[in-house]
Amino acid sequence: MSIPYSEFPVYIGQVGVESKPNEINGYIPATQASVSYNTASSVRRKLGKSVDAADQFTFDNALSADISFSCLLQSGMLSGLDFLLDANQDNFVTMQLGAEAYYKCYAKDVSLSVSPFEPVILSANFVSLQPSYGGLNGDVNPYEGGVPPLDTDLIVYGHTCSVNDNADVLGQVQSQINFNRTYTRTPIYGLGSVDASSMLLDGVEEEISVSSTGLDTLINFSGEELTSLLQIDLQIQGGVGIEAASPIGELIKFPSGARVLAQSYSTQGGETIQTTATIKQVKL
């Protein structure tokens, strides 16, 4: 029997809590979600002996369960995106897709795309150390039987956001912003255990690429260091900002010390010059 997408909502639980998410607080207005299971297998071959049909493979590592989703950003979202906070970046969450729970989920990367007159889309990739096994089941009573609080007037759009460019490294008109955060992690295995018990956070890097109509200066051999703040303020209709305490309130923030490490520009007949600046920072 096929399972409709309406029975596959996405919920993300509180950080560091090994229990199913609260469907009210952890609901994510997802537009896409996928799960991929991969085994670390290799063929079992022995010199002078044919491959045994009943024992063809060896397994050299734990099962890998990768989870990805994309979602809209809305003012007033509760705890579903708490994993984005700097204080929580080394911890795990529990995710639920449909009726299936995935425990010990660690973020691998987060990206965000901002374009005029389009909803801002946040995408994230996770790895689950304790994935769901067995059957595949939908949530026949999503959001605990209620109606998800999706309000189009509270959704963040590209044309409602603003750019705080105190560093003066961008042109006057920004047409596209792409943000990416990458986590580097090391799984921890114990003697006698097949699955990793946790993951250590080794590094966090962020990158933002902004397309605009000009560049203040061109970079040199070592790029250009920001001397003041560059921040993208995510806002809803009417220029109303997201709550400062929200996980997405100050998500895209590059203070002094970050560097412009790549620039490019191009033009075509009858059009204005198009430029791109890429800025990176190492947070850990």
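Inside the stretch 192-217, can you point out the residues that are modelled with pLDDT of 85 or more and either more than 25 Å from the chain's Cα centre (by Cα) or surrounded by 13 or more Cβ atoms within 10 Å (Cβ to Cβ) (or both)?
Going through the stretch 192-217, the residues modelled with pLDDT of 85 or more turn out to be 196-211.
Within the stretch 192-217, 196, 198, 199, 201, 204, 205, 206, 207, 208, 209, 210, 211 meet the criteria.
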Give me a count of the residues in the stretch 203-229 that are free of Cβ contacts under 8 Å to residues at least 40 places away in the same chain and part of a strand (DSSP E or B). 3
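Taking the condition within 15 Å of residue 149 (Cα to Cα) and hydroxyl-bearing (Ser, Thr, Tyr), does residue 5 pass? Spell out the reasoning first.
Working: within 15 Å of residue 149 (Cα to Cα): no; hydroxyl-bearing (Ser, Thr, Tyr): yes.
Criteria not met by residue 5.
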Inter-residue pairs, beta-carbon under 9 Å, first in contact (Cβ under 8 Å) with a residue 24 or more places away in the chain and in the stretch 40-51, second loosely packed, with under 11 Cβ neighbours inside 10 Å, 6+ apart: 40/60
Could you list, in sequence order, the residues of the stretch 170-191 that are modelled with pLDDT of 90 or more and either closer than 19 Å to residue 126 by Cα or surrounded by fewer than 16 Cβ atoms within 10 Å (Cβ to Cβ) (or both)? 179, 180, 181, 182, 183, 184, 185, 186, 187, 188
Going residue by residue through the stretch 236-246, is there one that turns out to be among the charged types (D, E, K, R), assigned to a loop (DSSP other than H, G, I, E, B) and exposed (fewer than 15 other Cβ atoms within 10 Å of the Cβ)? yes
Could you say which residue among 251, 261 is in contact with a helix residue (DSSP H, G or I) (Cβ under 9 Å, 6 or more places away or on another chain), in contact (Cβ under 8 Å) with a residue 40 or more places away in the chain and either within 24 Å of residue 184 (Cα to Cα) or in a strand (DSSP E or B) (or both)? 251
Go through the stretch 257-282 and report how many residues are closer than 26 Å to residue 88 by Cα and either of a type in the set (Asp, Glu) or loosely packed, with under 12 Cβ neighbours inside 10 Å (or both). 2
Qualifying strands (runs of 3 or more DSSP E) (wholly inside the stretch 1-73; at least 3 residues being of a type in the set (A, V, I, L, M, F, W, C) and under 25 Å from residue 152 (Cβ atoms)): 64-72
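Please verify whether residue 232 is crowded, with 17+ Cβ neighbours inside 10 Å and either outside any strand (DSSP E or B) or at pLDDT 90 or above (or both), treating the condition exactly as stated.
Numbers: crowded, with 17+ Cβ neighbours inside 10 Å: yes; either outside any strand (DSSP E or B) or at pLDDT 90 or above (or both): no.
Here the answer is no, as residue 232 does not meet what is asked.
The values are calculated or read from the model by the stated rules, or taken from the named source; none is laboratory data. Note that the structure is predicted; figures quoted are calculated from it, not measured. Neighbour counts are summed over all protein chains in view; Cβ atoms, including those assigned to glycine, are modelled from backbone coordinates with ideal geometry.
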